[in-house]
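All remarks here apply to the structure that follows.
What follows is calculated from the coordinates using simple rules that are stated; it is not laboratory data. From a predicted model like this one, the values you see are computed outputs, not experimental measurements. Because the Cβ atoms are built from the backbone with ideal geometry, glycine has one as well, and the counts that use them run over all protein chains shown.
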Amino acid sequence: MLVFKTQDDLKNHLNSISAKTSSLGFVPTMGALHQGHMSLLKQSLTDNDITVISIFVNPTQFNNAGDLDNYPRTLEKDVDIIRQLDASVIIYAPSVEDIYGDHPVATAFDFDGLDKQMEGRHRPGHFDGVGTVVKRLFEIVQPDRAYFGEKDFQQLQIVKKMVQKTGLPVQIVGLDIHRESNGLAMSSRNNRLSALERQQAAMIYQTLQTASRMFPESPIADIKEYVTREFENHDLIKLEYFEIADVDTLEPVAEYLPGKKYRAFIAVFLNDVRLIDTISLN
Ligand code: AMP
């Protein structure tokens, strides 16, 4: 298995194997890998001659120091999981200095408002951090295709916008959410849940499914009231937000317009563990 810790070593290797004349797929992650990440890797392996995965906990996208400190870091285990899938995958696991030099700061982006709602509203600066690291990683790896999960749907739309605005020659591929058997969306943060919490967290997706069944017959206000009530009655899981938004603008809407596409978005806390999920509505 090839595990590169510096961009210089990675670039030298990619040059030596003529990566420029082959198709290169790229899967950016923050590690603590699970089957959701693996589904992105599998698609990249199917579509491309060469696949690179990055494992980097990006400090500039965390608006909460505790969340950054507590984020699971399991590089050895991650390397093993990737080896079991396909030992040809190239791993790039840089230090903060390798990506940012001495100053890990985010650049400010104009995402045409896509960053103003939901995750952007509740995590100030988060998407500038995401845009900064994804742009740097794209410049280093120079992929033909890059794979992102719809689990972070707002991030997926923002990365597409960044690519469109910067003109970087990479195709962004979005893939379905991978779930536990009880419906809980797989997430590295699930590692921080107790067995009981994991079990109870199944109600997040169940609530989204009910919301999606109510749509579009029930008014959006009624759907929001239903979701709010479900969590008011829950002693373990607290609702941060629930929104129904237009998939193109990500603007939360109060009314459904025929012909437009909508998704529901949710963020909750189980103690200090923050989880997000999303479902397509039509
Ligand atoms: P992360 O390591 O959380 O930054 O995620 C890396 C990539 O994996 C992102 O594109 C995520 O959207 C994607 N991802 C995370 N969880 C899942 C999941 N449960 N199903 C599919 N993709 C996922």
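Sort out the exposed loop GluC sites (Glu not before Pro) in the chain (DSSP loop, at most 10 other Cβ within 10 Å) and tell me the longest stretch that has none. Numbers along the way, then the final one.
Working: sites that count: Glu217, Glu255.
Value returned for the longest uninterrupted segment is 1-216.
For the chain, state the average projected area of the convex hull of the C-alpha atoms over all orientations, rounded to one decimal in nm².
On the way: hull surface 59.5 nm².
Value for the chain: 14.9 nm².
Roughly how compact is region 142-241, stated as its Cα Rg over 2.2 N^0.38 Å to two decimals?
Working: Rg = 17.1 Å, N = 100, 2.2 N^0.38 = 12.7 Å.
Scaled against compact globular proteins, the figure is 1.35.
Nearest 500 deg cm²/dmol is fine: what mean residue ellipticity at 222 nm does the chain get from its DSSP H runs of n ≥ 4 alone, each adding -39,500 (n - 2.57), divided by its residue count?
Roughly -11500 deg cm²/dmol at 222 nm, from the helical runs in the chain.
Hey, could you grab the Kirkwood Rh for region 1-147? Inverse mean 1/r over distinct alpha carbon pairs, Å, one decimal.
Working: mean 1/r = 0.0624 Å⁻¹.
Its Kirkwood hydrodynamic radius stands at 16.0 Å.
Could you tell me the center-to-center distance, by alpha carbons, between region 243-281 and region 104-174 in angstrom?
Spelled out, the Cα-based centre of one part sits 18 Å from the other.
Hull surface divided by four, with the convex hull built on the Cα atoms of region 62-103: how many nm²?
4.0 nm²
Two-decimal Rg/Rh of region 217-269 from alpha-carbon positions, Kirkwood Rh? Write down the numbers at each step before the final one.
Working: Rg = 12.1 Å, Rh = 11.9 Å.
Looking at region 217-269, the ratio lands at 1.02.
Would you work out the charge dipole size for region 151-276 about its Cα centre, treating the Cβ of every Lys and Arg as +1 and the Cβ of every Asp and Glu as -1, and quote it to the nearest 20 debye?
Details: 16 positive and 17 negative charges, 110 e Å.
Rounded to the nearest 20 debye, it is 520 debye.
Taking 22 Å as the cut-off for C-alpha to C-alpha distance, list the pairs among Lys5/Lys161; Lys135/Lys161; Lys238/Lys260; Lys161/Lys261 that go past it. Write out the running numbers ahead of the final one.
Working: Lys5/Lys161 29 Å; Lys135/Lys161 11 Å; Lys238/Lys260 30 Å; Lys161/Lys261 18 Å.
Those over the limit are Lys5/Lys161; Lys238/Lys260.
Calculate, in whole percent, how much of the Cα-Cα pair population of region 192-245 lies beyond 16 Å.
Working: 605 of 1431 pairs.
The share of Cα pairs beyond 16 Å in region 192-245 comes to 42 percent.
With a cap of 16 neighbouring Cβ atoms within 10 Å, and only residues DSSP puts in a loop, list the trypsin sites (Lys or Arg not before Pro) found in region 1-77. Can you show the working numbers first?
Details: sites: Lys5, Lys11, Lys20, Lys42, Arg73, Lys77; in loops: Lys5, Arg73.
Those satisfying the criteria are Lys5, Arg73.
How large is the convex hull of the C-alpha atoms of region 91-205 per residue, in Å³?
Working: hull volume 16.0 nm³, N = 115.
It comes to 139 Å³ per residue, whole-number rounded.
Which value results when the Cα radius of gyration for region 36-118 is divided by 2.2 N^0.38 Å?
Numbers: Rg = 15.7 Å, N = 83, 2.2 N^0.38 = 11.8 Å.
Taking the Cα Rg and dividing by 2.2 N^0.38 Å, one obtains 1.33.
At q = 0.17 Å⁻¹, work out log10 I(q)/I(0) for region 88-150 with the Debye formula, treating every Cα as an identical point scatterer and leaving solvent out; two decimals please.
Relative scattering, expressed as log10 I(q)/I(0), comes to -0.74.
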